[in-house]
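Reading through the structure tokens given below for one structure.
Just so you know, all these numbers are worked out from the coordinates, no wet-lab data involved. Here the structure is a predicted model, which means the values were calculated and not measured. Glycine also receives a Cβ, built like all others from the backbone with ideal geometry; neighbour counts cover every protein chain displayed.
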Amino acid sequence: RTAIDQLRSTISTTVAPTDTSEEAEQTRSAVITAIGQLVESYMAFQKPDTRHIEDKLRFVFGPFWSDATNKRGLPAEVQHMLVSGEYVYHEFDKIGIDDWAATAVQYTRAIEHQLKQRLYLHLGKPSPLKNKQGHVLHDHEFTFGTVSTAFNKRYTGDHNWATFVAQAVHPAGAKESELEAALKQIDGLRVLRNSIAHPEHVDQAKAQQVRDITIGEPDTSIPSMLRQLIEILDT
């Protein structure tokens, strides 16, 4: 917990919570990744039986749970993020932790990983996407914000949005409206993810919101945004 607090405090000296620049987004992504790795190390140390968690996630994602059995399925790395996120979530629920940043991180990492895999890496190199300067978007420059910005500018002829549609959506046999539906909550999730990266208090309700967007909540008919995304896009 102390190591995670230190990571979140470090960013406050270099990036303001309101900073929406590409550099700020890259810094947040690096912090989120580092926190996630600490969560995974904690779970590896605990060596818990997670079969019940895996069974639940298999039910949520159905045929798309594993890329070993479905070409659009989740890779093992993302499965592990979701399993560890669920494990820590339920552990926190049992012991009454005050700050839930550590569990919320894993859900946002899973979505960011799949956005990059299906809307950046899948398009090949050199990338047809552009950064804010109009140059080729490099690997380290692609973040949650890349997709969010394109989504919000989709009605203004945004280059990256048009590229997503032409080179990722249509070749996969999907419709632009399906990508829009899958990304509808991406802006809200990005705001939540930024508060996780910064030393802001993340209560259970906020972590629950991140979790619901990622894996859904059947009791309240909230669909999994992650499943919607991977159902329509190739890896």
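Descriptive notes on the structure:
- Gap separating the Cα centres of region 124-195 and region 97-118, nearest whole Å: 18 Å
- Taking the charge dipole of region 1-133 about its Cα centre, with +1 at Lys and Arg Cβ atoms and -1 at Asp and Glu Cβ atoms, the residue from Tyr87, His52, Tyr120 reaching farthest to the positive side is Tyr120.
- Amide hydrogen neighbours beyond the local backbone of Ile222, cut-off 5 Å, H modeled: Glu217
- Charged side chains reduced to their Cβ positions (Lys and Arg at +1, Asp and Glu at -1) give the chain a dipole of some 480 debye around its Cα centre.
- The eigenvalues of the Cα gyration tensor, multiplied by 5 and square-rooted, give region 1-119 an equivalent ellipsoid with semi-axes of 26, 20, 10 Å from largest to smallest.
- With R₀ fixed at 25 Å, the C-beta to C-beta distance from Ile95 to Arg58 puts the FRET efficiency at about 0.40.
- Karplus-derived 3J(HN,Hα) values for region 35-41, using 6.51 cos²θ - 1.76 cosθ + 1.60 with θ = phi - 60°, are 5, x, 5, 5, 4, 5, 5 Hz; glycine and proline are entered as x.
- Formal net charge of residues neighbouring Thr149 (Cβ-Cβ distance under 13 Å; K, R +1; D, E -1): 0
- Couplings 3J(HN,Hα) for region 124-130, derived from phi with the Karplus relation 6.51 cos²θ - 1.76 cosθ + 1.60 (θ = phi - 60°), are x, 10, x, 5, x, 7, 10 Hz, where x marks Gly and Pro.
- Computed P(r) (all Cα pairs; the chain; 10 Å bins; percent): 7, 33, 37, 19, 3
- FRET efficiency for the Glu23 to Leu121 pair, using the beta carbon distance and R₀ = 30 Å, is estimated at 0.90.
- With the highest mean first, a sort of the peptides 129-139, 27-37 on other beta-carbon atoms found within 10 angstrom per residue produces 27-37, 129-139.
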